[in-house]
1. Please state which of the following conditions Phe260 fails to meet, knowing it meets all the rest: (1) closer than 22 Å to Leu196 by Cβ; (2) modelled with pLDDT under 90.
2. Would you mind finding the one in Gly120, Gly88, Gly72 that is of a type outside the set (D, E, K, R), more than 16 Å from Leu29 (Cα to Cα) and touching a Lys or Arg at 6+ places or on another chain (Cβ under 6 Å)?
3. Please go through the range 138-163 and give me each residue that is among the hydroxyl-bearing types (Ser, Thr, Tyr) and in contact (Cβ under 8 Å) with a residue 40 or more places away in the chain, ordered by number.
4. Hey, could you check the range 131-164 for residues that are of a type in the set (D, E, K, R) and touching a Phe, Trp or Tyr at 6+ places or on another chain (Cβ under 9 Å) and say which is surrounded by the fewest Cβ atoms within 10 Å (Cβ to Cβ)?
5. Condition (residue is loosely packed, with under 15 Cβ neighbours inside 10 Å, of a type in the set (Asp, Glu), in a helix (DSSP H, G or I) and at negative phi) applied to the range 310-319: is it met by at least one residue?
6. Could you figure out which of (1) over 24 Å from Asn262 (Cα atoms); (2) buried (at least 16 other Cβ atoms within 10 Å of the Cβ) isn't true of Gly88?
7. Please give the number of the condition Leu55 fails out of (1) surrounded by 15 or more Cβ atoms within 10 Å (Cβ to Cβ); (2) touching a Lys or Arg at 6+ places or on another chain (Cβ under 7 Å); (3) without any contact (Cβ under 8 Å) to a residue 60 or more places away in the chain.
8. Those residues that are in contact with a strand residue (DSSP E or B) (Cβ under 7 Å, 6 or more places away or on another chain) and either of a type in the set (Ser, Thr, Tyr) or closer than 24 Å to Glu90 by Cα (or both), I need them from the range 19-41; list them, please.
Amino acid sequence: MKIVIGFITYNDTTAKYLPFFVPSLKAALDFSVLDYRILAVDNSDTELNENSVYLKNNWPEIKLTRAGVNLGFAQAYNLMIGQAREMGAEYFLMLNPDTVLTPDSVMKLIATLDSDQSLGAVAPRILKWDFEHNIQTSIIDSDGLFLTSSQRFSDRHQGRELFSSLPEIVFGFTGAAALLRMKALSDVVYNGKEYLDELMFMYKEDVDLSYRLTLANWPIKFIPSAIIYHDRTASPLGEGLGQIIRNRKNKSRLVKRWSFLNHWILILKYSHLKYSCKVKWRTWRYQFLSLFFALLFEPYLGKELITLRRIRREIRAKRQALKIIVNPKIIEKMMDKQG
């Protein structure tokens, strides 16, 4: 099996996208040379829903697994990656169903991994898709992930007008679309089954996996010629303090809770790395300032500190299991640079 493609469906949140997403995916796969399988996990509340009906009636070749409960992002993808491993797949393509692929996008990603066996993953150029008006824009949604010296993680070039770029090594990929080498995933898997950290129900699990791959010397490469369009429901307005505050107003309490908890999981997993004093100072200064802000203006997030304490042993075990080959100082050189 050359490649297994996986995506998640959930209630009417994803159902509206499937008539656009699935045909674009099928058109992006070269049937003449590609041995592939498409998987999906349905996290919907009921077995009979718009997603399952559409896929069964129109694309019965897609293997749809009914979760029974909402597994979240990490656990659902771990289920599909495990199935890909059993199939002997070489690559796993992670996709959000709120995307539309260009016809040559997948083959360009595959060609890159085929040509360089040292790469752990490749990230496409993701542009904004205005789903409401069905307009594919020239505004960048993500050119992969970068991290700051205060250990914040953002999408490179988000909000910028499309410009010419060359392929380059980046810190990470966004979970909306990435092609992953199964050998690299097997190299960083935790406990034989957790490729994505299941302590993270949703949000920032792509950051965590990017971190682990990079530390284990499986670099991630950005491929600007492989273009995918994405309807991101809430895009950040910028990186300034005022913009960050305004961004938070657009998020639901549940999203804020997941984001807050998962960010602290990341900090506790990677704070022991041998970064410079400057990075450590900026990291902890930002964390305590953001914690002060949260407890002052969003006190309900304080409950996540209780959760953090409850899972501290699991976090410690995963931190101790990290495979660290790359000197963190190399990652430090990537900080604050979007390219």
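The values are calculated or read from the model by the stated rules, or taken from the named source; none is laboratory data. These numbers were taken from a predicted model, which means no experiment stands behind them. Cβ sites come from the backbone with ideal geometry, for glycine too, and all protein chains shown count toward neighbours.
1. Tallying (1) closer than 22 Å to Leu196 by Cβ; (2) modelled with pLDDT under 90, Phe260 fails exactly one: (2).
2. Values: Gly88 fails: touching a Lys or Arg at 6+ places or on another chain (Cβ under 6 Å); Gly72 fails: touching a Lys or Arg at 6+ places or on another chain (Cβ under 6 Å).
Every option except Gly120 fails the conditions.
3. Residues of the range 138-163 among the hydroxyl-bearing types (Ser, Thr, Tyr): 138, 142, 148-150, 154.
Within the range 138-163, Ser142, Thr148, Ser149, Ser150, Ser154 qualify.
4. Of the residues in the range 131-164, the ones of a type in the set (D, E, K, R) are 132, 141, 143, 152, 155-156, 160-161.
Now restrict to residues that are touching a Phe, Trp or Tyr at 6+ places or on another chain (Cβ under 9 Å): 141, 143, 152, 155-156.
Numbers: Asp141: 25, Asp143: 26, Arg152: 20, Asp155: 22, Arg156: 23.
Looking at residues that are of a type in the set (D, E, K, R) and touching a Phe, Trp or Tyr at 6+ places or on another chain (Cβ under 9 Å), I get Arg152.
5. Looking for residues that are loosely packed, with under 15 Cβ neighbours inside 10 Å, of a type in the set (Asp, Glu), in a helix (DSSP H, G or I) and at negative phi, one finds at least one in the range 310-319, hence yes.
6. (2)
7. For Leu55, the failing item is (2).
8. Taking the range 19-41 as the starting set, the residues that turn out to be in contact with a strand residue (DSSP E or B) (Cβ under 7 Å, 6 or more places away or on another chain) are 20-21, 24-25, 28-29, 34, 36-41.
Answer for the range 19-41, where residues must be in contact with a strand residue (DSSP E or B) (Cβ under 7 Å, 6 or more places away or on another chain) and either of a type in the set (Ser, Thr, Tyr) or closer than 24 Å to Glu90 by Cα (or both): Phe21, Ser24, Leu25, Ala28, Leu29, Leu34, Tyr36, Arg37, Ile38, Leu39, Ala40, Val41.
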